[in-house]
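Here the structure comes first, spelled out in structure tokens, and everything after it is commentary.
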Amino acid sequence: MSNVEAEELHLMEMALPTDTGNENPTSELGSVVTIFDLCWEDILIPKVLSLLTLKELFTFRTCSRSAKRLAEAALERRKEVNLSGNNSNTIDLAFSVLNTCCKHLENLHLARCHWLKDELLLPILAENKRLLKVVNLNECPYISPMALQPIIVDCKNLRVLKLSKCQWLTAGAIDALTLHQNNLEEIDISHCPAIGERCLLIFFRKLNKLTILSLANTAITDQVLVMISNCCRLLEHINLVGCTAISDYGIIAISTRCTRLRTLLVLCCPRVTERSLGPLRKHIYIDKTNRSEPNLNINDFYPSDFLIY
């Protein structure tokens, strides 16, 4: 008998009720009911294991062979993986387990994962490309445009794509997005210096479902804002922090045509003045304060994950 089997036998013996009249408690071992006898698909996974964090699920996975099988069955049905900011020493090994087990992911959050490389990312994308709706790769410096190929071409249900501070993002990748992804509702390409005006003009022409847009610290111009105002009429939140080339002209175009706009972030935009911002302050949150007006509460306007990822 192996050590693992002996451990499981010992745990089952401990679960037996104490009976002083029974000299051999193990004689009733066959009738003992353990947690693993409950229905996995209908009870344990949806009602118990779905409430565990990934860390707790991996801890449970180490308890026994049965726990390992149950945990991996729960990972197979898991719809979200969030490892944002997790750069622990063994996280790449844990991610390899996720690559093998996860087959029904809809949300994949890997922001600031400095260990992430193409060879780790591509398998999980291949297994979940049909269902993925949200992909967050903000500040992942060691992957390449090749890792975007399955996201761009195969993820037909993609609605949210975050690529802030991805210096490897190229104009060619944006052109490919234009061809294959027309249903995006949120995109973040802040701090991506390689993205030029030409490809953005074509890109936004097809994004008529966009509601959240972050272009902070990019080289966009008023011409791009005019294109956004003409084609992205559902826009509610836009981040233009540090876009020094835009002016009141572009802001007026956005505010006039995007009638659902609720958040406008324009700090460090020296050419944007009260001429365009003043009329908007009563119904839109603007981060560039006007000292003569009372400050509005930003939490009333933008979604909690608009700037925090």
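The values are calculated or read from the model by the stated rules, or taken from the named source; none is laboratory data. Owing to the predicted nature of the structure, the values given are computational and were not obtained by experimental measurement. Cβ placement follows ideal geometry from the backbone for every residue including glycine, while neighbour counts extend to all protein chains displayed. With ligands, DNA and RNA removed, areas are computed over all heavy atoms of the protein, side chains included. Shrake-Rupley method; radii C 1.70, N 1.55, O 1.52, S 1.80 Å.
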- With no solvent and one equal point scatterer per Cα, compute the Debye intensity ratio I(q)/I(0) for segment 63-111 at 0.21, 0.24, 0.31 Å⁻¹ and report its log10, rounded to two decimals. -0.79, -0.96, -1.17
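Taking square-rooted eigenvalues a ≥ b ≥ c of the alpha carbon gyration tensor, is segment 34-99 rounded, prolate or oblate, where a/c under 1.5 means rounded and, failing that, a/b exceeding b/c means prolate?
Details: a/c = 2.40, a/b = 1.71, b/c = 1.40.
Taking the square roots of the gyration eigenvalues as a ≥ b ≥ c, segment 34-99 is prolate.
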- Query: What residues from segment 109-135 fall in the zone where the backbone N is under 20 Å from a label point 7 Å along the Cα-to-C-beta line of residue 89?
  - Reply: 113-116
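What ranking, highest mean first, results for peptides 58-67, 251-260 when packing means the other Cβ atoms within 10 Å averaged over each residue?
Numbers: 58-67: 14.9, 251-260: 17.3.
Sorting 58-67, 251-260 by mean packing, highest first, produces 251-260, 58-67.
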- Message: From the P(r) of segment 28-152, could you give the percentage of C-alpha pairs in the tail past 20 Å?
- Response: 46
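Taking the mean number of other Cβ atoms within 10 Å as a proxy for protection, how do you rank 46-52, 167-173 from highest to lowest? Kindly include the intermediate steps, with their values, before the conclusion.
Numbers: 46-52: 13.9, 167-173: 16.9.
Result, highest mean first: 167-173, 46-52.
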- To the nearest 10 square angstrom, what accessible area does residue 42 show with a 1.4 Å probe? 110
- Message: Let me check I've understood the local charge: for residue 154, count other residues with C-beta under 10 angstrom from its C-beta, Lys and Arg +1, Asp and Glu -1. What total comes out?
- Response: +3
- Task: Mind jotting down the distance between the C-alpha centroids of segment 192-268 and segment 98-134, whole Å?
- Result: 29
- Message: Using a 1.4 Å probe on the protein heavy atoms only, what accessible surface does residue 117 show? Give it in Å² to the nearest 10.
- Response: 100
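Which FRET efficiency, nearest 0.05, do residue 66 and residue 100 yield, Cβ-Cβ r, R0 22 Å? Please list the in-between numbers first.
Values: r = 18 Å, r/R0 = 0.83.
FRET efficiency, residue 66 to residue 100: 0.75.
Where does the charge balance sit around residue 121 when Lys and Arg score +1, Asp and Glu -1, over other residues with C-beta under 13 Å from its C-beta? The partial results should precede the final answer.
Working: positive: 117, 129; negative: 92, 118, 119, 127.
Here the count lands on -2.
Ignoring any ligand, DNA or RNA, what whole percent of the accessible area of segment 191-287 comes from carbon and sulfur when the probe is 1.4 angstrom?
About 55 percent, which is the carbon plus sulfur part of the accessible surface.
With viscosity set to 0.692 mPa s at 37 °C, what whole-number translational diffusion coefficient in µm²/s follows for segment 101-213 from Stokes-Einstein and a Kirkwood radius over Cα pairs?
Details: Rh = 14.0 Å.
D, rounded to a whole number, is 235 µm²/s.
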